[in-house]
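Scroll down for the structure; my scribbles are underneath it.
The values are calculated or read from the model by the stated rules, or taken from the named source; none is laboratory data. Predicted model only: the values in this text are computed from it and were never measured. Every residue, glycine as well, gets a Cβ built from its backbone with ideal geometry; the counts of neighbours run over all protein chains shown.
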Amino acid sequence: MASDRQMKRFQWVLLFGIVVVAISLRPAVASVSPVLETIRADLGLSYTALSLLTTIPILCMGAFALTVPAITDRVGRERGVFWGIVLITVATGIRLGSRHVLVLFGSTLLVGIGIAVTQSLLPSLVTEYLPGRESFATGVYTASLTVGAALAGGVTAPIGDLVGSWPAALAVWAVLAAIGVPLWYLSWRWAVRRKPASDDGGDRVRLPWRNRWAIVLTLFFGSSSTMFFVVLAWLAPRYVALGWGASHAGMLLSAFVVAQLGGNLAVSAVGDRLSDQRPLFALMLFSVIGGATGVVIAPQFVPWIWAVLLGIGTGGLFTLGLTLPVIYAAGPTATDGLASMILGGGYFIAAIGPAAAGVLLDVTGGYTAAFGGLAFLSVVLLAVSMRFEPGRETVTVQVSERSGRDRV
């Protein structure tokens, strides 16, 4: 009985640490969009160059999702998260000097590395320390990401107006990350000392890059993720260009992010009850189609509804995308392999969206092509998602000699 109580106590302490860290992972990216037009006017940058402020962190997410085993072997998961959040704190603080272009983009690269390392390691910590509570912990983790992004989207522009400095408005989020550094250290150290002994001799897998079905799943996750990052990067600037104030547009961005939580929770609530999740994929994609079409055709009519539709759709698709490795995997080792491929390759694909939207803005001078492209992409993904029937083919991967072969 005492052992059970100790187990639950250390799990709650570690979960608290994960929440604190997760809240700190999105502000450095989400804070840029509300002041993007201000940055453009101040530094004279093109939309293509500005898109790199979102694209660089996403590329880092993809790169470091593929290097998790190496990081774990070198410093361990817990220390990796600690140094990741330290890097986020320092890099975000450096943004105080962002009126210099090199400082702005250099800090963005460092922020991206910190976010990527931390984000890549947290899911495996959930699996290791919270067995039997993975779904609950993943839901809490996802909600914490949303809280951080919504906070940054809604508060950055007002902070900038208050202090009269957009670099200060970006740098202030270092405070939130700094709070997470000691809290994570204390919760991690406390939990590790009380962690029950376990066999951590996990197998390594070769990612199934040559399997067509694995490639389809990766392309789907990457394409659905790119829709979120396009909206995150360009929704607020779209409405600033229509005459909205930066603070007002930032609140619209916050509505989009909060609506994502609704999509996450909706899928989590009913997903396990459905043997066939294709209706959920269709519902979320139609939500994105409706929101993107509204932003193109009638942006000023009911903009809050368009933002909510985009948020629900992209949020639900993200959660559904995370289930793909589980659905098409036969065991934990196989799940790790397919998940690494889907997340790593998917984020590389997702990085294309914000950059492509920036190029379209420079070429066309408007936002119609960018948001119209989201609606078109959603139609394509809708057709692809109809292939996600239960009992679909699996993907074979190679694992270490300790366990032979596993299937996903």
Residue under evaluation residue 177, criteria (1) under 19 Å from residue 13 (Cα atoms); (2) modelled with pLDDT of 90 or more; (3) surrounded by fewer than 23 Cβ atoms within 10 Å (Cβ to Cβ), criterion not met: (3)
Qualifying residue in segment 380-391 (condition: buried (at least 24 other Cβ atoms within 10 Å of the Cβ), modelled with pLDDT of 90 or more and out of contact with any strand residue (DSSP E or B) (no Cβ under 9 Å at 6 or more places or on another chain)): no
Residues of segment 330-347 that turn out to be at pLDDT 80 or above and more than 18 Å from residue 317 (Cα to Cα), as a count: 0
Residue in segment 281-326 that is nearest to residue 217 (Cα to Cα), counting only those that are surrounded by 18 or more Cβ atoms within 10 Å (Cβ to Cβ) and hydroxyl-bearing (Ser, Thr, Tyr): 319
Matching entry among 145, 121, 96, 109 (being within 19 Å of the chain's Cα centre (by Cα) and at pLDDT 90 or above): 109
Of all residues making up segment 140-170, the number that are surrounded by fewer than 24 Cβ atoms within 10 Å (Cβ to Cβ) and farther than 24 Å from residue 14 by Cα: 12
Out of 43, 109, sole residue that is surrounded by fewer than 19 Cβ atoms within 10 Å (Cβ to Cβ), touching a Cys at 6+ places or on another chain (Cβ under 8 Å) and not assigned by TED's automatic domain parsing to the domain that holds residue 236: 109
Any hit, segment 69-83, residues being modelled with pLDDT of 90 or more and under 22 Å from the mean Cα position of the chain (by Cα): yes
